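Below is one structure, written out as structure tokens; comments come after it.
The values are calculated or read from the model by the stated rules, or taken from the named source; none is laboratory data. No experiment lies behind these values; they were computed from the predicted model shown. Note that we place each Cβ from the backbone using ideal geometry, even for glycine, and neighbour counts take in every protein chain shown.
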Amino acid sequence: MSQKRPVLATAASRGNRRNTLVRLRDVVAWSIDHSEAPRDVAALGRLMMGVLDEIEACPAPVTKKREATPLDEFSEHLRRKQAAQNQNRAAGG
């Protein structure tokens with residue numbers, strides 16, 4: 001388990017709550033998988049449920065939107081043109 005601690009410590013030091021919780025979830029899961037004591041598994045299972053609840057409560061990460069390329073612009077133009085043609089057909093024109 002010592003190999004997991006630096007990953008958790010790194011995530012925690014970056015100050016991102018969601019990423020830290022995800023890493024904690026991974027550490028707890030690893031601990032459950034490698035535990036042989038039923039009492040430990042029960043306690044770790046309760047901890048895992050709490051961590052999963054916390055992860056669900058955190059907002060999803062925001063992804064950066066990339067700049068539109070000329071192909072993106074052409075595809076959007078084509079999509080709009082086809083939608084207008086479909087509307088005209090539906091209207092009987």
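At a glance:
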| read-out | value |
| --- | --- |
| Checklist (1) in contact (Cβ under 8 Å) with a residue 12 or more places away in the chain; (2) out of contact with any Cys (no Cβ under 8 Å at 6 or more places or on another chain) applied to residue 66, failing item | (1) |
| Test: residue in region 60-72 that is surrounded by 14 or more Cβ atoms within 10 Å (Cβ to Cβ) and either of a type outside the set (Gly, Ala, Ser) or modelled with pLDDT of 90 or more (or both) | no |
